[in-house]
Amino acid sequence: MRIDVVTIFPGYLAPLREALLGRAIEAGLVELGVHDLRDWTHDVHQAVDDSPYGGGPGMVMRPQVWGEALDAVLGDAPARLVVPTPAGRPFTQATAQAWAGEERLVFACGRYEGIDQRVVDAYAQRMPVDEVSIGDYVLVGGEVAVLVMVEAVVRLLPGVLGNPVSAQEDSFSDGLLEGPAYTRPVSWRGLDVPDVLRSGNHAAIARWRRDRALERTAARRPDLLDALPDHALDRTDRAF
Ligand SMILES: Nc1ccccc1-c1cnco1
């Protein structure tokens, strides 16, 4: 997979070259390009934004600059264009799974009050464009959202995770939150590991873990429980 990111703060994307993602890049599983939007400005101030038509607070990022940058970065290769925005559709694990199958992702990081809408409209005429939000809070720019989404996607690529099974078994893969996890020592500050986890009874352990996941999901994310298809819950599950 090739990933390109266009931003006015290239340094913000440096963490993508660390740790797991850095190793995936070194292993050739992912190619990463980070591009400074200002490279496509032509004025002495390198202006990337302007006042909004219709008035209102803040500034809007200029379509001409974005058009030149995206044309240059995209070239002729097909790609999915992703624009992080608080007004976007929710980015979920399902989104990450879908994007993990893409040959190429190009992320356009907007700041200020966003990017002139015509940029999305123009590129949507020739490629898939997703305007996505990583959550209902206000960030200053899309860069942090790109860090989140790139990590969620790249960890799903074959060969990236040491233990590929975990990508299938991680949180949300069965629609529930992960339950509590424990490791040594068996007792710590007067708190003990639940006996069942040390019992060696794998059926009882699986039941206990499912019960804790259901309990936690019901308490913290009842919306996830409501969204589960009927066949996903067995009779024992329905106690939650
Ligand atoms: N708040 C923002 C400002 C600029 C670009 C993206 C966002 C965003 C993305 N997901 C939530 O917020």
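The values are calculated or read from the model by the stated rules, or taken from the named source; none is laboratory data. Values in this document were obtained by computation on a predicted structure and should not be read as measured data. Positions of Cβ are backbone-derived with ideal geometry, glycine not excepted, and every protein chain shown enters the neighbour counts. Just the protein is used for accessible areas: all its heavy atoms, side chains included, with ligands, DNA and RNA removed. Shrake-Rupley method; radii C 1.70, N 1.55, O 1.52, S 1.80 Å.
Descriptive notes on the structure:
- Where residue 103 falls short, out of the listed (1) within 16 Å of the ligand (Cβ to nearest atom); (2) open to solvent by 10 Å² or more (accessible area, probe 1.4 Å); (3) under 23 Å from residue 22 (Cα atoms): (1)
- Selected residue [more than 9 Å from the ligand (Cβ to nearest atom) and touching a residue at least 40 places away in the same chain (Cβ under 8 Å)] from 123, 112: 123
- Residue list for the stretch 1-14, restricted to those being of a type outside the set (Val, Ile, Thr) and either assigned to a loop (DSSP other than H, G, I, E, B) or surrounded by 14 or more Cβ atoms within 10 Å (Cβ to Cβ) (or both): 1, 2, 4, 9, 10, 12, 13
- Restricted to the stretch 135-162, and to residues there that are over 20 Å from residue 8 (Cα atoms) and within 16 Å of the ligand (Cβ to nearest atom), the residue that is most open to solvent (accessible area, probe 1.4 Å) is 136.
- Flag for residue 171 being among the polar types (S, T, N, Q), assigned to a helix (DSSP H, G or I), under 21 Å from residue 19 (Cβ atoms) and at pLDDT below 95: no
- Among the residues of the stretch 71-100, those identified as of a type in the set (S, T, N, Q) and closer than 13 Å to residue 153 by Cβ are 92, 93, 95, 97.
- Residue list for the stretch 32-46, restricted to those being in contact with a strand residue (DSSP E or B) (Cβ under 6 Å, 6 or more places away or on another chain) and either at positive phi or modelled with pLDDT under 95 (or both): none
- Residue within the stretch 20-36 that is in contact with a helix residue (DSSP H, G or I) (Cβ under 9 Å, 6 or more places away or on another chain) and over 30 Å from residue 158 (Cβ atoms) present: yes
- Taken over the stretch 177-212, the criterion of being closer than 30 Å to residue 92 by Cβ and open to solvent by 50 Å² or more (accessible area, probe 1.4 Å) is satisfied by 178, 181, 182, 183, 206, 207, 209, 210, 212.
- Criterion (open to solvent by less than 40 Å² (accessible area, probe 1.4 Å) and within 17 Å of residue 122 (Cβ to Cβ)) met by exactly one of 85, 41: 85
- Residue 32 touching a Phe, Trp or Tyr at 6+ places or on another chain (Cβ under 8 Å) and either in a strand (DSSP E or B) or open to solvent by less than 40 Å² (accessible area, probe 1.4 Å) (or both): no
- Members of the stretch 44-68 that are free of Cβ contacts under 8 Å to residues at least 12 places away in the same chain and either crowded, with 17+ Cβ neighbours inside 10 Å or under 29 Å from the mean Cα position of the chain (by Cα) (or both): 64
- Qualifying residue in the stretch 16-26 (condition: at pLDDT 95 or above, loosely packed, with under 12 Cβ neighbours inside 10 Å and part of a loop (DSSP other than H, G, I, E, B)): no
- Test: residue 209 is in contact (Cβ under 8 Å) with a residue 12 or more places away in the chain, within 33 Å of the chain's Cα centre (by Cα) and part of a helix (DSSP H, G or I): yes
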